[in-house]
Each structure stands twice: as C-alpha cells, then as structure tokens.
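Participant: I have a structure here, written as structure tokens, and I will follow up with some questions on it.
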Amino acid sequence: MSSLAETYDSMRAVGRSPDRSVTITLGGRGGVDVELADDATGRHDEAGLARQVAAAARVTLAAFRQQQRAAIDEALGQ
C-alpha cells in the first residue's frame, strides 16, 4: 500500500472553468491552488465568478477521482 500512498502524494488534477477564467489544481496531499485570469474580476460579478469557480471545482474533482480510481486499480492489479 505504500506504493499507493506514494502515487496519491504525486497526483495532480487540474480543472478550468468553461470560460477559462478560473483554474483549480488539486494535489494528492489535499493542497488546492486557485488561479484567476487577470481579467476574471472585471468580467464577472460575484455570482458569475462563483459559478465559474464551482464549475472548475467540479472538473477538477472529477479528474482527481479518475486518477484515484486508476491508482487503486493499478495497486490491485486490475
């Protein structure tokens, strides 16, 4: 299982909002980085930016879960 733990530690998932104004990176140790495009706050009001953040978070989480499943499958030899 230490191999699985090492794989988890090295995982990185990146997701972007539909308009690419928000990029979220999720690391295997739980670190989260949120980057806003230079013009994101000028393009969006509070609700619009919240929608973009939520969309980017959904994409990032889906990518991370896919990596988790692949790592578990590999560890189990599937």
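Participant: Taking the simple approach of a point 7 Å from Cα along Cα-to-Cβ for both residue 14 and residue 66, what is their distance in nm?
Facilitator: 1.4 nm
Participant: Residue by residue through segment 24-41, what is 3J(HN,Hα) from phi via Karplus (6.51 cos²θ - 1.76 cosθ + 1.60, θ = phi - 60°)? Round to whole Hz and write x for glycine and proline.
Facilitator: Values, residue by residue: 10, 10, 10, x, x, 8, x, x, 10, 10, 10, 10, 10, 4, 3, 9, 4, 6 Hz.
Participant: Tell me, what % of the accessible area of the chain is carbon and sulfur with a 1.4 angstrom probe?
Facilitator: Using a 1.4 Å probe with all protein chains present, the chain comes out at 50 percent carbon and sulfur.
Participant: Now, a different point. Using amide H atoms built 1.01 Å from N in the peptide plane, name the residues 5+ places from residue 11, or on other chains, whose amide H lies under 5 Å from its own.
Facilitator: Placed amide hydrogens put 28 under 5 Å from residue 11.
Participant: Hey, another quick one. If I fit a long axis through the Cα atoms of helix 46-75 and take the longest principal axis of the Cα atoms of the chain, what angle between them do I get, 0 to 90°, rounded to 10?
Facilitator: 10 degrees
Participant: In nm, to one decimal, how far is the residue 41 label point from the residue 6 one, both placed 7 Å along Cα→Cβ?
Facilitator: 4.3 nm
Participant: Under a 5 Å amide H to amide H cut-off, with H placed in plane at 1.01 Å, what residues pair with residue 22 once short-range neighbours are removed?
Facilitator: Residues meeting the amide H criterion: 17, 37.
Participant: Convex hull volume of the Cα atoms in the chain, per residue, in Å³?
Facilitator: Expressed per residue, the convex hull around the Cα atoms of the chain is 73 Å³.
The values are calculated or read from the model by the stated rules, or taken from the named source; none is laboratory data. Keep in mind it's a predicted model, so treat the numbers as computed, not measured. So basically every Cβ, Gly included, is an ideal-geometry build from the backbone, and we count neighbours across all protein chains shown. Just so you know, the surface numbers come from the protein's heavy atoms only, side chains and all, with ligands and any DNA or RNA stripped out. Shrake-Rupley method; radii C 1.70, N 1.55, O 1.52, S 1.80 Å.
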